[in-house]
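Participant: Let me give you the structure first, and then I'll get to my questions.
The values are calculated or read from the model by the stated rules, or taken from the named source; none is laboratory data. These numbers come from a predicted model, not from an experiment. Positions of Cβ are backbone-derived with ideal geometry, glycine not excepted, and every protein chain shown enters the neighbour counts. Each accessible area value is taken on the protein alone, full model and side chains, heavy atoms only, with ligands, DNA and RNA left out. Shrake-Rupley method; radii C 1.70, N 1.55, O 1.52, S 1.80 Å.
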Amino acid sequence: MSTESITATINTSEAEALALDAADPLARFRDRFHLLPGRIYLDGNSLGLLSHDAEAETLRALEQWKSLAIDGWLGADPPWFTVGEELGALVAPLVGAEPEAVVVTGSTTVNQHALTATFYRPHGARRTIVATALDFPSDVYALQSLIRLHGGDPQRDLVLVPSRDGRTIEEDDVIAALGDQVALALLPAVLYRSGQLLDIPRLAAKTQARGIPLGFDCAHSIGAVPHRFDEWGVDWAFWCSYKYLNAGPGATGGLYVNRRHWGTAPGLAGWWGYEKSRQFDMVHAWQGATAAGAWQISTPALLATAPLRGSLRLFHAAGIAALRAKSLAQTDYLARLLEATGLTAPPYSFAIGTPRRPERRGGHLAVEHDEAPRIARALKARGIVPDFRAPNVIRLAPAPLYTTYHELWETVEALREIIDSGEHLRLTAGRELVA
Ligand SMILES: Cc1ncc(COP(=O)(O)O)c(C=O)c1O
């Protein structure tokens, strides 16, 4: 059963899938990627594919290291010294921020630490952190350790807003948890398992009215869902660049800090957050950069950052609004196809765990099944790459820069054939180490 049923009909033919591809205004971007020969890749929400543009920028960075060595910090094109700020300005339009409010630095969890260490200021009875029961585990581990650092007790001071259905979080429940005792709130923009998109402007308005700093983990929304952080007054946010941004495994992530917090002393300072023009004065008195750059800590990992420049070129050429439109159309097509071809009824019994309203949906579709681990592996054996999240979710992520409608049609056919043939039942049960 889908969480919100739909009624509109859909043409389930292969010809229709091909026609949708023929009419796709973003189809030309597919050739810019290293596709996996003979395979359908639906795991771009875990690790995006390599583009020729990202590859070229990485090779260029290596060339510049070879030819310039230490002089690359100022002499490379663009200079490595300001790469975080320069790329931050290119990521800023994806989250609706002014250029200086975003910096490319660190990684998801490290950036979470850098920001929460700044904005969590427990005092008196105000020491609770609000997060959700469906958060990615790393976020929760980091919050628990932050509370311990402040001498608190995670059992008492961390409130995880429960889910009513095991898939989604109700914004009303989050708002009800925002009492006087709350010192900070951290929420996922898009939930990693179900793909639910939270109502960010509504939550930001509530927390602002109550004086609670609110941050978002945007690992599953950056590059897939446009945000308007400046307009909504979000306090801070962070993300990685290896999922929808296609910048490679462990690529440098990013963070956002709203202008009203610029000048706040970072909780985890390092010399890379120093005012750039004076960083090499090497004095011990802190003078932070004026904007989000102040939350950088260390020398950037240039080779893990360079691919992002190439990748962002594709995002700017395609436009985040057009990418979102295609992403929504593709997840909707996939869900309707599953329903219209009978796969959400016995004997197939797949369930759609992602909210159906576009404004509540991120970039992937969560397809649930009791046999999900084995079905995911059977898909992989057929050359279709999904991913699996325990206990019962197959995540299918159409990446609008390179996924075709026909690939989605083929995936639904494969799901039917797997259940019809029982081929998944011949695989060993259980999940893989990296699922
Ligand atoms: C929602 C979310 N938050 C945090 C993380 C942790 O990311 P990292 O290993 O880059 O710190 C991930 C990783 O996939 C994630 O999906």
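Participant: Looking only at segment 42-65, decide whether some residue is more than 27 Å from A294 (Cα to Cα) and of a type in the set (F, W, Y).
Facilitator: No, every residue in segment 42-65 fails to be more than 27 Å from A294 (Cα to Cα) and of a type in the set (F, W, Y).
Participant: Can I ask one more? Report every pair of residues separated by at least 6 positions or lying on different chains whose Cβ atoms are under 6 Å apart, first residue within segment 183-197 and among the hydroxyl-bearing types (S, T, Y), second surrounded by 24 or more Cβ atoms within 10 Å (Cβ to Cβ).
Facilitator: From residues that are among the hydroxyl-bearing types (S, T, Y), the pairs are Y192/H220; S194/G353; S194/T354; S194/A366.
Participant: May I ask you to verify whether L308 is among the aliphatic types (A, V, I, L, M) and within 24 Å of P201 (Cα to Cα)? Can you show your working first?
Facilitator: Numbers: among the aliphatic types (A, V, I, L, M): yes; within 24 Å of P201 (Cα to Cα): no.
Spelling it out, it is not the case that L308 is among the aliphatic types (A, V, I, L, M) and within 24 Å of P201 (Cα to Cα).
Participant: In addition: I'm trying to understand the selection: among the residues of segment 145-170, which are of a type in the set (S, T, N, Q) and within 16 Å of the ligand (Cβ to nearest atom)? Lay out the reasoning, then the answer.
Facilitator: Applying the first criterion (of a type in the set (S, T, N, Q)) to segment 145-170 yields 145, 155, 163, 168.
S145, S163, T168, listed by residue number.
Participant: If a residue must be open to solvent by 20 Å² or more (accessible area, probe 1.4 Å) and β-branched (V, I, T), how many such residues does segment 93-107 contain?
Facilitator: Final tally of qualifying residues: 0.
Participant: Let me ask you something else. Give me the residue from segment 117-139 that is more than 20 Å from L203 (Cα to Cα) and within 10 Å of the ligand (Cβ to nearest atom) and, out of that set, most open to solvent (accessible area, probe 1.4 Å).
Facilitator: Filtering segment 117-139 for residues that are more than 20 Å from L203 (Cα to Cα) and within 10 Å of the ligand (Cβ to nearest atom), the one most open to solvent (accessible area, probe 1.4 Å) comes out as P137.
One line per residue, one yes/no per condition, for (1) more than 26 Å from T403 (Cβ to Cβ); (2) surrounded by 21 or more Cβ atoms within 10 Å (Cβ to Cβ):
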residue: R28; (1), (2): no, no
residue: H52; (1), (2): no, no
residue: R60; (1), (2): yes, no
residue: P79; (1), (2): yes, no
residue: L87; (1), (2): no, yes
residue: V91; (1), (2): no, yes
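So that you can scan it fast, the table gives a plain yes or no per residue for (1) without any contact (Cβ under 8 Å) to a residue 12 or more places away in the chain; (2) open to solvent by less than 40 Å² (accessible area, probe 1.4 Å):
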site: R278; (1), (2): yes, no
site: A289; (1), (2): no, yes
site: G319; (1), (2): yes, yes
site: L323; (1), (2): no, yes
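Participant: Specify the residue that is nearest to the ligand (Cβ to nearest atom); the eligible residues are those in segment 213-234 that are more than 18 Å from L47 (Cβ to Cβ) and open to solvent by less than 10 Å² (accessible area, probe 1.4 Å).
Facilitator: From segment 213-234, those more than 18 Å from L47 (Cβ to Cβ) are 213-216, 225-234; that's our starting set.
From what's left, open to solvent by less than 10 Å² (accessible area, probe 1.4 Å): 214-216, 225, 227, 229, 233-234.
On the way: L214: 16, G215: 12, F216: 10, V225: 13, H227: 15, F229: 17, G233: 22, V234: 16 Å.
The extreme case among them is F216.
Participant: Does L197 satisfy being in contact with a helix residue (DSSP H, G or I) (Cβ under 9 Å, 6 or more places away or on another chain), of a type outside the set (D, E, K, R), open to solvent by 10 Å² or more (accessible area, probe 1.4 Å) and modelled with pLDDT of 95 or more? So that I can check it myself, show each step before the final result.
Facilitator: Numbers: in contact with a helix residue (DSSP H, G or I) (Cβ under 9 Å, 6 or more places away or on another chain): yes; of a type outside the set (D, E, K, R): yes; open to solvent by 10 Å² or more (accessible area, probe 1.4 Å): yes; modelled with pLDDT of 95 or more: yes.
Here the answer is yes, as L197 does meet what is asked.
Participant: Going through A142, A101, A114, A89 one at a time, which residue ends up being modelled with pLDDT of 95 or more, within 16 Å of the ligand (Cβ to nearest atom) and touching a strand residue (DSSP E or B) at 6+ places or on another chain (Cβ under 8 Å)? Break it down into steps so the answer makes sense when it comes.
Facilitator: Values: A142 fails: touching a strand residue (DSSP E or B) at 6+ places or on another chain (Cβ under 8 Å); A101 fails: within 16 Å of the ligand (Cβ to nearest atom); A89 fails: within 16 Å of the ligand (Cβ to nearest atom).
Within the list A142, A101, A114, A89, the selection yields A114.
Participant: Report every pair of residues separated by at least 6 positions or lying on different chains whose Cβ atoms are under 8 Å apart, first residue within segment 142-154 and within 17 Å of L186 (Cα to Cα), second at pLDDT below 95 and of a type in the set (D, E).
Facilitator: As it stands, the answer is none, since no pair meets every condition given.
Participant: Only one of these is open to solvent by less than 30 Å² (accessible area, probe 1.4 Å) and either in contact (Cβ under 8 Å) with a residue 12 or more places away in the chain or of a type in the set (A, V, I, L, M) (or both): S311, S298. Name it.
Facilitator: On the way: S298 fails: open to solvent by less than 30 Å² (accessible area, probe 1.4 Å).
Among S311, S298, only S311 is open to solvent by less than 30 Å² (accessible area, probe 1.4 Å) and either in contact (Cβ under 8 Å) with a residue 12 or more places away in the chain or of a type in the set (A, V, I, L, M) (or both).
Participant: Another question about this same structure. Could you list, in sequence order, the residues of segment 235-264 that are more than 16 Å from the ligand (Cβ to nearest atom) and in contact with a Gly (Cβ under 7 Å, 6 or more places away or on another chain)? Don't jump to the end; show me each part of the working.
Facilitator: Step one: filter segment 235-264 for residues more than 16 Å from the ligand (Cβ to nearest atom), giving 235, 257-264.
Scanning segment 235-264 gives D235, N258.
Participant: Here is a follow-up. Would you mind finding the one in I169, I200 that is touching a strand residue (DSSP E or B) at 6+ places or on another chain (Cβ under 7 Å), within 20 Å of E368 (Cα to Cα) and aliphatic (A, V, I, L, M)? Lay out the reasoning, then the answer.
Facilitator: Details: I200 fails: within 20 Å of E368 (Cα to Cα).
Step by step, each of I169, I200 is checked, and only I169 is touching a strand residue (DSSP E or B) at 6+ places or on another chain (Cβ under 7 Å), within 20 Å of E368 (Cα to Cα) and aliphatic (A, V, I, L, M).
Participant: S241 - would you say it is part of a loop (DSSP other than H, G, I, E, B) and within 11 Å of the chain's Cα centre (by Cα)? Before the answer, list the steps.
Facilitator: Numbers: part of a loop (DSSP other than H, G, I, E, B): yes; within 11 Å of the chain's Cα centre (by Cα): yes.
The answer is yes for S241.
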